[in-house]
1. Quick one: compute the contact order of region 51-136, relative version, from alpha carbon pairs under 8 angstrom and 6+ residues apart, as a percent.
2. When the gyration tensor of region 24-137 is built from Cα positions, what are the square roots of 5 times its three eigenvalues, in whole Å, from largest to smallest?
3. What full-extension length gain, to one decimal in nm, is calculated for residue 20 and residue 32 as 0.36 nm per residue of separation minus the Cα-Cα distance?
4. Report the gain in length on full extension from residue 73 to residue 94: 0.36 nm times residue separation, minus Cα-Cα distance, nm rounded to one decimal.
5. Say the dipole of region 51-136 comes from +1 at the beta carbon of Lys and Arg and -1 at that of Asp and Glu; which of 79, 67, 108 then lies farthest toward its positive end?
6. Please get the size of the charge dipole for region 51-136, origin at its Cα centre, with Cβ charges of +1 on Lys and Arg and -1 on Asp and Glu, quoted in debye to the nearest 20.
Amino acid sequence: MKVTNLFTEDERAVSPVVGVALLIAIAVILAAVIGAVVLGLGTGGVDTPQAQLQLDHDGDTANVTHNGGEPLNADEIVVAINGTADFELEDDLTAGGAVEIMKDESEPATIEEGDEVVILWQDPNRDSESVLERFDV
């Protein structure tokens, strides 16, 4: 072994400053990813369906007509009349179809002039609701 090799500078080494900067960047990115997962930002719910709805009523019955957009599952839809969300759709709703708003399985909902009808979609993966349509009768 030559003694001169021990005293020469090796210019191929990575600067310690660059190494520290890389470690800090990795730590920040890792903390952001872990924070997003812990706070639930990485696991979103289902997107709210987009549908064009129309309300028809004749005093005895109230029907919702689907004029276009995504199909709606009756299990995920709640209808609120004047703030009371005890109503539901009779069946699933697809484009071109119409279903009756029901108080329960055997009693149709009655809507009068001046009532406010709100059709809500409940996210099946979260405990949240989104307003699909709002009608002032």
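1. Working: 201 pairs, mean separation 23.7, N = 86.
Dividing the mean separation by the residue count of region 51-136 yields 28 percent.
2. Working: eigenvalues 289, 38, 27 Å².
So the equivalent ellipsoid measures 38, 14, 12 Å along its semi-axes.
3. Numbers: separation 12, 0.36 × 12 = 4.32 nm, distance 1.85 nm.
Length difference between fully extended and current span is 2.5 nm.
4. Details: separation 21, 0.36 × 21 = 7.56 nm, distance 0.87 nm.
Working it through step by step, the gained length comes to 6.7 nm.
5. 67
6. Numbers: 3 positive and 24 negative charges, 70 e Å.
Result for region 51-136 is approximately 340 debye, rounded to the nearest 20.
Read the figures in this text as sums done on the coordinates, not as results from a lab. Here the structure is a predicted model, which means the values were calculated and not measured. We place every Cβ from the backbone using ideal geometry, glycine too, and count neighbours over all the protein chains shown.
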